[in-house]
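Just below is one structure, and these are the notes that go with it.
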């Protein structure tokens, strides 16, 4: 009765993708959520995407995940960031209707075959007699559920502690109960836990903003979403608003610093450096007399708005004063106060690249529980965990995402190889092969994998194949055919060469006698331009990827006892022993393992191999 | 057998009869192994590090040689392990006999293994490991100084400085790409271009030291070209006569050309007397001329020698083969011409000399080092001395070039960042931060056993 193939604990962005992927791949799946209404909640910004995160969202879509589709359906504004930079770092971003996002996600879970949803809090992991294999979970009501694969996606709920000024209370998010017992259960089974901190800003009533004192930021004229081949009509009719803090704001914060939980000494967890609280910004960057504040609407059917840039843990009366000092917000009424939250996460050297724990067979961890931050980062891990749990059930080869092929791979490899000492967020600069890992070609990179796994529908797959066919046809034509119909050309010139010129765009080719066929959509035109214009760079990037692949395929036997290799520095041996890299490439990326250690490892492996073959 | 745990030994001086020979033993057992066969007033086990002790080496009570033993205790030794150096009398027989005794309890070192251990034990960096090779083969004062500088890390520091600059630029670019929402100042494009241009100049300058570095290490190659009987051989000989000739490092194979090595102002100069470039039907001569072509092509300077007849045909062939500014035109037998005639040759750029009267030769010699000599200042700043380093710096310079191009074409900063990362990786290759199996294999294979 209570027996499943896969159990997922938590229905945030990670849990949803894990459960949907598992169910879609044919596994009988059960997902637990503490409160049904909070399925797929956007606990921070009502927004998806941005640099690297937008890339990730499109990759999740290409692999058959759900996040991008729902982001497109529930989007209220779309912008392509970094347009002024090159195409590799263009980054789609959306503002979303928070309530609608949750509702659509709930519907997706409800309508999914093979998937049950239960509202319940899970307190304990049940292991087999050997204490090395997972068997199931136990709820706070004492119910037991069994499955050979359990995926934990608890977000910030493990011993979550909310801080507002000198007030502190146990919660997983404001107003929702924390999961206090599960942490102890995880410690008991041998996993190492540590503590992080994050925060969120106040929300205000948009009707109380003085629109004359803020700068309106509308969406793009030609909005682009995240999802491929779904023809979702994008709603793009709401604006954000930009304003700034000022010396008065900073004075209020500075003179009340001791009252904030962070500076009052109540918080021990480590917060993200890339997303500092307003207290941190004012203290650490005291030279700046203003900081950006973005007012982001929370949805189409509410007046609530998110005050991006003012995350804090100050007492309510100070929060009010601070908000009211900001231009345009003098009369703003606060709907929810900002807060800081501390929570347990599991040190990511406990997991493998499949997201499975190293010590408990069948137990997978995904999302913020691994020390990451961000919806997209969480969803990516959930997807990988769901896929690998089912592959393991079916006794198939695991699906390891490689950092030269996707941001997903970068994220996964960073986590399991380098770990993290602050909530981990993806950046484009973390990707060595950034020029290849673009938001425009995520389908080309990953859709074949998604289709093979059974996560991409036939309809979408056919559309993808059609796109490829048209793309290849046109590239072939442009390379083979010359134009001789333009007064500027002294002699016939191949269309490909004409398009390579920086000042020529695809549509300019018409002047040179190239007939743009009806099926060459704007998307395909962009892909063609990009491939031709940046061909030199793409080729160089591919050469680097080849080199990388060689190191990645230089495998290290799983039974290697690093502690015995005395030519490697002792600290490096310990690191290697902890991470247990699968290839020399991965070994070389472990912090604290330097090139001399890698060389020694290489020499050792070669000698060992020779010794073995001599026997 | 553990990789760097066993004790190794080898003869460290070149084979052959010399005043003394040195054997080196490295590893945990070094002191024990030697104390078994070495008899002296004091036990070497109780000796402080870096002290030389006189005594005798015996094999089963039979005296082999009187020797000096020096103890270097770990980690204060070349390899970072326990090291013993034995200086014995320089006879092949004695040296080999001592090695045989040592090999009963130690393993014969592989080529370059001492240096490899020094590298693996973090005693020296990659540039330094290479410099050891250069230091050991240094033949002249300047090459010795260059190798020493590299060994002491001046090149390492010079590259590190360039890397720091690159890292700064890359940081700026990444900031702009990933943190656009942070209200940061935008990159000052003009300033970036200016700084990258300066960096590029520095890289070019460094790359250029490589040409000079190679000359310092392998010698300046000068070939002599001219028709028969213009006095090539007498110029060849007078260059040798006035300067100390050095025994050529190239084994005596059959050659169609003559090669001699001299030291000129501290530079190693290798002079080739070639068969010339004229056309011939003689089969054997043809082979000789083919070789001459090769030598001339690889020369840093070519002396084109005439004795009056300008020999335009051969000069044209030559100028197609090598860059014209490498050619030094020489008029020999100046005693045969009058002042006006000589003036005309001078105007055409000829150096006037006469081996017969021993005149004009010092001018000729100075012309060899023209544009070659490197300042001691540059030497101290660190120069490149092998092809691997030159290739890496040239690659870095090329990448910075591309970075500038990407900015000028308005490509987008991620492309500029890509180029600069490529430049960084190239430089990291030199100082051994990122290294590949192949590079290491090459480095260590180029060392002779025992060094």
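Readers should treat all values here as calculations from the given coordinates under stated rules, not as data from a laboratory. Only a predicted model underlies this, so the values are computations on that prediction, with no experimental measurement involved. Using ideal geometry, Cβ is built from the backbone for each residue, glycine included, and neighbour counts are taken over all protein chains shown.
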Cut-off is 10 Å between beta-carbons; in what order do A:493, A:42 appear when sorted fewest neighbours first? A:493, A:42
In range of the label at residue A:488: residues from region A:506-526 whose backbone nitrogen is under 17 Å from the point 7 Å along Cα→Cβ: A:506-515
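Rounded, prolate or oblate: which one fits region B:8-124, using the alpha carbon gyration tensor with axes a ≥ b ≥ c (rounded when a/c is under 1.5, else prolate when a/b beats b/c, else oblate)? All intermediate terms of the calculation are to be shown ahead of the outcome.
Values: a/c = 1.74, a/b = 1.25, b/c = 1.39.
Oblate shape, in that a/c is at least 1.5 and b/c is the bigger or equal ratio.
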Peptide B:173-179, shielding by other chains (average Cβ, 10 Å cutoff): 6
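Counting partner chain Cβ atoms within 10 Å of every residue's Cβ in A:86-92, what's the average? Write out the running numbers ahead of the final one.
Working: counts 11, 4, 8, 9, 2, 3, 0.
Per-residue shielding by partner chains comes out at 5.
Please report the relative contact order for region B:378-428, taking Cα pairs under 8 Å with a sequence separation of at least 6, and give it as a percent rounded to a whole number. Can you show the working numbers first?
On the way: 36 pairs, mean separation 20.0, N = 51.
Over region B:378-428, the number comes to 39 percent.
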I need the shape label for region A:470-545. Rule: rounded when a/c is under 1.5, else prolate if a/b > b/c, else oblate, with a, b, c from the alpha carbon gyration tensor. oblate
Based only on other Cβ atoms within 10 Å, what is the fewest-to-most ordering of A:406, A:277, B:40? B:40, A:406, A:277
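Send over the semi-axes of the protein assembly as shown's equivalent ellipsoid, whole angstrom and largest first, taken as the square roots of 5 times the C-alpha gyration tensor eigenvalues.
Working: eigenvalues 867, 329, 152 Å².
Whole-Å semi-axes of the equivalent ellipsoid: 66, 41, 28.
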Going 7 Å from the Cα of residue A:110 in the Cα-to-Cβ direction, what parts of region A:23-48 have a backbone nitrogen less than 12 Å from that spot? A:37
By counting other Cβ atoms within 10 Å of each Cβ, how are A:229, B:267 ranked from fewest to most? A:229, B:267
Suppose R0 equals 60 Å; then what is the FRET efficiency for residue A:469 and residue A:564 from their Cβ-Cβ distance, rounded to the nearest 0.05? 0.65
Rank-order A:83-95, A:210-222 by packing density, defined as the average count of other C-beta atoms within 10 Å over each peptide's residues, highest first. A:83-95, A:210-222
Roughly what percent of Cα-Cα pairs across region A:554-614 reach past 18 Å? 22
Helix-only [θ]222 nm of the protein assembly as shown, DSSP H runs n ≥ 4, -39500 (n - 2.57) each, per residue, nearest 500: -12500 deg cm²/dmol
At R0 = 35 Å the Cβ-Cβ FRET efficiency linking residue B:28 and residue A:358, nearest 0.05, sits at 0.50
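So what is the orientation-averaged projected area of region A:203-339, using the convex hull of its C-alpha atoms, in nm²?
Numbers: hull surface 40.6 nm².
Value for region A:203-339: 10.1 nm².
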Extension gain, residue B:204 back to residue B:346 (0.36 nm per residue minus Cα-Cα distance, nm): 47.7 nm
Extend 7 Å from the Cα of residue A:221 along its Cα-to-C-beta direction; within region A:84-128, residues with backbone N under 16 Å of that point are A:84
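Stokes-Einstein D for chain A at 4 °C, 1.567 mPa s, Kirkwood Rh over Cα pairs, in µm²/s?
50
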If you count, for every residue in B:207-216, the Cβ atoms of partner chains within 10 Å of its Cβ, what is the mean? 0
Per the 1/(1 + (r/R0)^6) rule, R0 = 56 Å and r from the Cβ atoms of residue A:583 and residue A:213, FRET efficiency to 0.05 is 0.50
Extension reserve of the residue B:316-residue B:41 stretch, reckoned as 0.36 nm per residue once the Cα distance is removed: 91.6 nm
Estimated distance in nm for a label pair at residue B:362 and residue A:233, the labels positioned 7 Å out from Cα along Cα-to-Cβ: 9.7
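With a/c under 1.5 counting as rounded, go ahead and sort region A:166-275 into rounded, prolate or oblate using the C-alpha gyration tensor (a ≥ b ≥ c being the square roots of the eigenvalues; past the cut-off, prolate if a/b is larger than b/c, else oblate). Let's see the in-between values first.
On the way: a/c = 2.68, a/b = 1.28, b/c = 2.09.
Oblate.
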